[in-house]
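Below: one structure, written as structure tokens.
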Amino acid sequence: MPESDSPGTSLATLYQEMILDHYRRPRNRAPLPDASITVERNNPLCGDLIQLSLAFDGEIVRAAVWRGQGCSISSASASMMTQAIAGRTFGHARTIAARFGAMLSGDRAAADDELLGDLRALSAVARYPMRIKCALLPWSALEEGMLGKRGVGDGG
Amino acid sequence: MSSLAPRSDFPILLAHPGLRYLDSAATSQKPRAVLDAISAYYSEDNANPHRGAYELSVRATERYHAARERVARFCGVADADCLIFTRGTTEAINLVASAWGRANIRSGDEVIVTGMEHHANFVPWQQIAFEQDARFRICELTPDGRIDLDELRAMLGRHTRVVAFNHVSNALGTINPVREIAAIVRERSDALIVCDGAQGAPHIPVAFDSLDVDFYAFSGHKMCGPMGIGALIGRRGTLETMPPYQTGGDMIEFVLDYRTTWNVLPHKFEAGTPNVGDAVGLAAAADYLDGLGMDAVRAHELALVKLATTALGDVDGIHIYGPPPEDRSGVISFTLSDIHPHDLATILDGDGVCIRAGHHCAQPLMRRLGVAATARASFYIYNDEADIEALLGALHRARGLFGYAGV
Ligand SMILES: Cc1ncc(COP(=O)(O)O)c(C=O)c1O
């Protein structure tokens with residue numbers, strides 16, 4: 001059982017409207033024919049699977065789309081992530097990823113950081129250690145995607 | 001309906017009074033009698049068995065021997081030397097696949113498993129078939145989650161070298177007709193029959209000697225015993241002609257400079273210092289379960305699973321997998337509307353209800369069911385009607401959180 005004042009209110013925060021909305025109406029779940037790279041990530045423990053496709057313009061993430069199946073947390077995280085990083089430079093995307101990671105490890109300042117925008121709706125995940133992996137799954141795909149870009153030179 | 005075993009026999013249930021433990025298919029809780037037996041062994045009798053000439057070592061050897069006889073009696077094995085202690089089901093199946101498989105599976109042979117196997121009874125066969133250049137085949141299931149016996153009949157033939165299937169499915173709860181399957185296999189082939197009893201022995205009376213399978217494997221931790229001990233039961237003739245699995249101390253007779261001869265059963269398959277403490281714990285678990293009576297255990301689980309199936313069946317948006325409750329062990333595998341099983345498990349945990357969510361180490365089965373994951377509640381001797389009510393209440397709460405009306 002997670003520690004919190006009351007499991008009821010904390011679960012209601014975890015499964016707030018915004019999360020369920022992204023779960024049920026995922027954004028950027030479309031094909032990306034001119035993707036520079038596609039990265040697949042799965043969580044063998046639960047069977048969550050995420051496929052992230054990125055199109056780069058030099059050091060800019062021009063477009064980000066995803067496919068896959070997973071729980072509301074990993075799906076909402078992927079959906080919001082693709083919105084948050086589209087049009088951003090690698091550096092900026094990494095900053096967002098770092099702040100997001102900090103928020104999930106319980107950093108309250110990060111949870112208030114405007115930089116994270118809608119992603120702050122996922123801050124309650126920090127109280128559910130078993131679910132942090134779910135929220136981070138798309139982000140680890142993003143990191144690999146941006147590294148892969150480095151590795152193969154300008155693939156875009 | 002109350003629990004079959006007194007809940008106060010289980011220290012962990014006393015330590016967490018609000019706990020609704022519905023994950024016994026993953027591992028069972030342990031009665032105090034088992035914990036005490038392990039502690040008493042280490043406090044009073046511990047020494048390395050089979051080695052010392054001193055009295056304490058003799059005592060440890062006797063305790064180990066007695067534990068084997070006790071566990072053999074629990075599962076209807078007259079010849080206790082044919083019960084090999086292993087770390088659990090996984091190691092037991094790997095032992096057979098590796099030791100028997102390498103010596104007996106040849107190119108062109110066929111190894112058959114079913115679409116409902118736990119990875120522990122799937123991957124070792126898939127891999128040994130690959131290594132031996134044999135054909136790996138999967139017997140499909142009927143729509144209600146049973147082994148399709150007609151398909152099995154059609155698959156069998158003179159090339160069939162192994163047929164491996166579970167007694168009870170951990171993911172669906174399906175109880176397979178072991179004797180009937182064995183008869184079908186024997187009629188049409190000379191195949192070795194391996195039964196994964198990880199979900200059988202803890203829940204249903206098992207009489208190995210009358211099952212007509214060649215091997216039966218199970219884990220102590222799912223039947224009130226400690227983690228780290230389980231058993232492989234085989235037939236003397238098969239075990240004696242098989243090469244050993246691991247080599248080293250205890251399992252040898254003579255070690256010559258360039259050749260070694262093997263110890264007799266069961267030692268031939270138990271290399272190294274054995275896990276005496278946990279064997280003693282497993283024997284205490286057998287005492288405990290026999291004290292309740294395995295028929296009563298089965299009847300209790302059946303009553304609970306029927307109750308749960310009726311209660312959960314009324315929840316809007318629920319889908320229950322597997323055959324009707326009469327043909328299931330105390331397992332109910334389900335999905336609820338578009339709520340992912342992981343989200344369900346998190347929400348239920350908020351009410352102290354522990355269920356399992358995921359693929360249950362049965363990815364081939366999940367593909368066949370067409371889902372990535374299910375939620376699974378599983379019952380055992382310490383569960384009661386209040387556990388089912390708590391489960392039901394928590395499911396309604398989950399529906400509410402996900403915006404479904406009519407809570
Ligand atoms: C049907 C079945 N087979 C095999 C196993 C593996 O058992 P263990 O992990 O104890 O080796 C399990 C346990 O989850 C099981 O349910």
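Any read-out appearing in this document is the output of simple, stated calculations on the displayed coordinates, not a laboratory observation. Everything numeric here is computed off the predicted structure, so don't read it as measured data. When we count neighbours, we look across all protein chains shown, and the Cβ atoms used for this are built from the backbone with ideal geometry, even at glycine.
Some values worked out for this structure:
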| quantity | calculated |
| --- | --- |
| Residues whose placed amide H lies under 5 Å from that of residue B:23, excluding near-sequence neighbours | B:378 |
| Under 5 Å, built H, 5+ apart or other chain: amide partners of residue B:160 | B:110 |
| For the stretch B:338-347, 3J(HN,Hα) per residue [Karplus equation, 6.51 cos²θ - 1.76 cosθ + 1.60, θ = phi - 60°, Hz, x = Gly/Pro] | 9, 7, 5, x, 5, 5, 4, 4, 5, 5 |
| Ranked list, fewest to most other Cβ atoms within 10 Å of each Cβ, for B:273, B:335, B:86 | B:273, B:335, B:86 |
| Estimated 222 nm signal from helices in chain B, with DSSP H stretches of n ≥ 4 weighted -39500 (n - 2.57), rounded to 500 | -11000 deg cm²/dmol |
| Mean projected area (nm²) of the alpha-carbon convex hull when the protein assembly as shown is viewed from all directions | 30.0 |
| For residue B:251, residues with placed amide H under 5 Å, excluding near neighbours | B:272 |
| Burial ranking of peptide ranges B:167-180, A:102-115, B:93-106 (average Cβ count within 10 Å, highest at the top) | B:167-180, B:93-106, A:102-115 |
| Gaussian network model of chain B, springs between alpha carbon atoms under 10 Å - residue of B:78, B:37, B:362 with greatest fluctuation | B:78 |
| Tail beyond 17 Å, pair distance distribution of the stretch A:83-129 (Cα, percent) | 27 |
| Karplus (6.51, -1.76, 1.60) ³J(HN,Hα), θ = phi - 60°, over the stretch B:370-382, in Hz, Gly and Pro reported as x | x, 10, 7, 7, 10, 9, 9, 9, 9, 10, 8, 4, 9 |
| Alpha-carbon Rg/Rh ratio, for chain B, with Rh computed the Kirkwood way | 0.99 |
| Rg in Å to one decimal, and Dmax rounded to a whole Å, for the stretch B:46-196 via C-alpha atoms | 18.3, 61 |
| Virtual spin-label span in nm between residue A:38 and residue B:69, 7 Å along Cα→Cβ | 6.4 |
| 10 Å Cβ neighbours from other chains, averaged over peptide B:354-361 | 2 |
| Difference of contour (0.36 nm per residue) and Cα-Cα distance, residue B:119 to residue B:27 | 31.5 nm |
| Cβ-based exposure ranking for B:41, A:128, in which fewest neighbours within 10 Å come first | A:128, B:41 |
| Residues B:195, B:361, sorted so that the one with the fewest Cβ neighbours within 10 Å comes first | B:361, B:195 |
| In nm, spacing of pseudo-spin labels at residue A:115 and residue B:180 (7 Å Cα→C-beta vector) | 6.4 |
| For the stretch B:198-208, Karplus couplings with θ = phi - 60° (6.51, -1.76, 1.60), whole Hz, Gly/Pro x | 4, 9, x, 3, x, 10, 9, x, 10, 10, 3 |
| Residue-averaged beta-carbon neighbours from other chains (10 angstrom radius) around B:335-345 | 5 |
| Fraction of antiparallel bridges per DSSP, the protein assembly as shown only, in percent to nearest 5 | 70 |
| Sites residue B:36 and residue A:59, calculated FRET efficiency, Cβ-Cβ separation with R0 45 Å, nearest 0.05 | 0.10 |
| Chain A: calculated mean residue ellipticity at 222 nm from DSSP helix runs of at least 4, using -39500 (n - 2.57) | -14500 deg cm²/dmol |
